[in-house]
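Visitor: Here you go, one structure.
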Amino acid sequence: MSLYLREDSIAIYFNPSNPDTIDGRTNFQGVVHIYRPADSVLGQSSSAYAHIPVLPDIKPPYSKESFNYLKACLKICTESHDYCKQNLSSPPKRLLHIGERGDDSARLYETPDDFREPYIALSYCWGKSNVLKTESSNIQSLMQGFSLKQVPTAVQDAAHITQKLGLKYLWVDALCIIQDSKMDWEEQSAKMCSIYEKAYLTIIAASSDAANVSFLNHFSRPMTFQYCVPDKPDIILAARAECKNGHHFDSIAGIGNRIVPDPTISRGWTLQESILPTRAISYSTDELQWHCRSTRSCECQSKANVQQVTSIFGGQSQLETLGRWDKLVRIYTQRQLTYQEDKLPAISGISQLVHRQTGWRYLAGLWKDHLIYQLLWERNSWHPFIKDTDTSMPSRYRAPSFSWASVECPVTTFTSNINVAEDDGILYEEARLVNSEILLSGVDPFGRAEPGSSLTVEGRLMQDVELRGPTEDLYATYNVLIGDRDETFEADIQLETFCFKGSNGMLQRSAKRSARHADQGLIELESGTLVSVFLLAHSRNTDGTGTQ
């Protein structure tokens, strides 16, 4: 145990040798903050404890105190943040019109062109439950009206908050997009950037793992203990376990600490639903957390994890903006999607934002203006929370093979760590783009791509390079022998040897992506398997030593 003092708090760190049990009892591991409860300091006569910070207790999400926190954040943002000013033109095509407080009726409403009313958007996990959604067969009925008791609990909670804030309109994807209409789905998913940007507020149901799970009636809060100082009944001290979720979450620090992230952190669509909003309130597992384009705050008043990427804005250079994009790609590929063909649509709103900010041309998850950098992505099977050993070819096409979106696994990119890209090495491009063709399956230029999409790149080709492997039982790692150098790499999809006749009529061996499922085990490449290696770029340390 160690005591840690800093400007904004007093904390005790518990680091037991056995984080699971001591003498058969569950053992606590983590950080406890010592503070004076804000509602107990009035009238205190002693100043002996003035060095201990005053903090509010964290109340349940349905409480008056939590709602007052939301209202205070909204007031400061809407009245004081110039960077958060909004243009209310181009509203969503449909919204839910919510009745007055005490009225549980709602109806689906098609917005006219001159609609300028504020609306709230909801970000949540659908889960596996069968929920009410708008389809071609019931849209007319929903426009006539329905009871909020028919919609999932998370949507009811969002409607309740909408009413308490004195607003009338709520956007929920399941109800505001015609789910069985391919055309309407593509049109509306292409507008996600605008929908979340222009929402007066986005509610993130971070603690709910399914639409039928309430986030307002979520009772989990950090363990808190109060202590009355002997002989000083007016002095109350409190100890509270550190909030570890939402914008405090640190995947690296969480290794071995049994931190279960908010359910929304594991879902693909919810990444852009947290990045795109002008302002958002997150009902996290431990507390309410606020973020807008100007600031971040939370009920516990601890500092947020600065390593998290909360916005695509703010890049001082193109390389820094590229680094932010690549960090988001790295985070996004760690998440799950119910429908794998949503790989590009579920991040299309962020793609639109980058394009609008930079003017770069989009190529199925990559940026043409920095294509060589972008092609340097690779599989990352050793993520701390994801044991990824499935190196099979995806069952359904999502993107061309040159894109990270073509595979179902976490990836890393060259610029994921901007310090490495700028300070630790210099990248020398060895190839250039000759032509690109992206075939789109719908109206969204940042959405789904069709088979036949391709790049034509010109550069140096090293022929007859011997390929060996795999070098491990679980991961598709291989060795290539380039001159006197033995280089190791991880293939995005497991490889297999195939034979063909060369131009001289002789039988030759090479390697290709295998269609065999990884459950059947990795395939040992045959001896004498030769490949051609295309050189995209090489990097050299800033002092001129070391080449990769």
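Visitor: Kindly provide the set of residues from region 206-233 that are within 29 Å of Thr270 (Cα to Cα), of a type in the set (A, V, I, L, M, F, W, C) and surrounded by fewer than 17 Cβ atoms within 10 Å (Cβ to Cβ), ordered by number.
Guide: Looking only at region 206-233, we keep the residues that are within 29 Å of Thr270 (Cα to Cα), and these are 206-223.
Okay, now just the ones that are also of a type in the set (A, V, I, L, M, F, W, C), so 206, 210-211, 213, 215-216, 219, 223.
Within region 206-233, Phe219, Met223 meet the criteria.
Visitor: Among all residue pairs at least 6 apart or on different chains, which show Cβ distances below 7 Å where the first residue, located in region 499-515, is at negative phi and of a type in the set (A, V, I, L, M, F, W, C) and the second is open to solvent by less than 50 Å² (accessible area, probe 1.4 Å) and outside any strand (DSSP E or B)?
Guide: Ala511/Leu525; Ala511/Thr529
Visitor: Which of the residues spanning region 90-117 are part of a loop (DSSP other than H, G, I, E, B), more than 13 Å from Gly145 (Cβ to Cβ), open to solvent by less than 40 Å² (accessible area, probe 1.4 Å) and in contact (Cβ under 8 Å) with a residue 40 or more places away in the chain?
Guide: If the condition is that a residue be part of a loop (DSSP other than H, G, I, E, B), more than 13 Å from Gly145 (Cβ to Cβ), open to solvent by less than 40 Å² (accessible area, probe 1.4 Å) and in contact (Cβ under 8 Å) with a residue 40 or more places away in the chain, then Pro91, Pro92 are the ones that fit.
Visitor: Examine region 7-19 for a residue that is polar (S, T, N, Q), open to solvent by less than 70 Å² (accessible area, probe 1.4 Å) and at pLDDT below 90, and state whether such a residue exists.
Guide: Among the residues of region 7-19, at least one is polar (S, T, N, Q), open to solvent by less than 70 Å² (accessible area, probe 1.4 Å) and at pLDDT below 90, which makes the answer yes.
Visitor: Considering only region 493-530, how many residues are open to solvent by less than 60 Å² (accessible area, probe 1.4 Å), more than 15 Å from Gln463 (Cβ to Cβ) and part of a strand (DSSP E or B)?
Guide: Of the residues in region 493-530, 3 are open to solvent by less than 60 Å² (accessible area, probe 1.4 Å), more than 15 Å from Gln463 (Cβ to Cβ) and part of a strand (DSSP E or B).
Conditions (1) modelled with pLDDT under 85; (2) buried (at least 21 other Cβ atoms within 10 Å of the Cβ); (3) over 14 Å from the mean Cα position of the chain (by Cα), marked per residue:
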position: Ile235; (1), (2), (3): yes, no, yes
position: Ile259; (1), (2), (3): yes, no, yes
position: Pro277; (1), (2), (3): no, yes, no
position: Gln289; (1), (2), (3): no, yes, yes
position: Thr295; (1), (2), (3): no, no, yes
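Visitor: Return a yes/no flag: does region 29-36 have any residue that is at pLDDT 55 or above, closer than 23 Å to Asp231 by Cα and in contact with a helix residue (DSSP H, G or I) (Cβ under 9 Å, 6 or more places away or on another chain).
Guide: There is no residue in region 29-36 that is at pLDDT 55 or above, closer than 23 Å to Asp231 by Cα and in contact with a helix residue (DSSP H, G or I) (Cβ under 9 Å, 6 or more places away or on another chain).
Visitor: Answer with yes or no whether Lys303 is basic (Lys, Arg) and in a loop (DSSP other than H, G, I, E, B).
Guide: Against the criterion (basic (Lys, Arg) and in a loop (DSSP other than H, G, I, E, B)), Lys303 qualifies.
Visitor: Checking Asn130 against (1) surrounded by fewer than 18 Cβ atoms within 10 Å (Cβ to Cβ); (2) touching a residue at least 40 places away in the same chain (Cβ under 8 Å); (3) under 27 Å from the mean Cα position of the chain (by Cα); (4) not in a helix (DSSP H, G or I), which single condition isn't satisfied?
Guide: Going through (1) surrounded by fewer than 18 Cβ atoms within 10 Å (Cβ to Cβ); (2) touching a residue at least 40 places away in the same chain (Cβ under 8 Å); (3) under 27 Å from the mean Cα position of the chain (by Cα); (4) not in a helix (DSSP H, G or I) one by one, Asn130 breaks only (2).
Visitor: Looking only at region 460-492, which residues are assigned to a loop (DSSP other than H, G, I, E, B) and either on the phi > 0 side of the Ramachandran plot or open to solvent by 50 Å² or more (accessible area, probe 1.4 Å) (or both)?
Guide: Gly469, Thr471, Glu472, Asp473, Leu474, Gly483, Asp484
Visitor: A follow-up question, please. Could you figure out which of (1) under 26 Å from the mean Cα position of the chain (by Cα); (2) under 23 Å from Asn217 (Cα atoms); (3) at pLDDT below 95 isn't true of Gly102?
Guide: All conditions are met except number (1).
Visitor: Report yes if Leu319 is hydrophobic (A, V, I, L, M, F, W, C) and surrounded by fewer than 18 Cβ atoms within 10 Å (Cβ to Cβ), otherwise no.
Guide: Yes; evaluated as a whole, the condition is true for this residue.
The values are calculated or read from the model by the stated rules, or taken from the named source; none is laboratory data. Quick caveat: nothing in here was measured; it's all calculated off a predicted structure. Reconstructed Cβ throughout: ideal geometry from the backbone, glycine too, with neighbour counts over all protein chains shown. Side chains included, ligands, DNA and RNA excluded: accessible areas come from the protein's heavy atoms. Shrake-Rupley method; radii C 1.70, N 1.55, O 1.52, S 1.80 Å.
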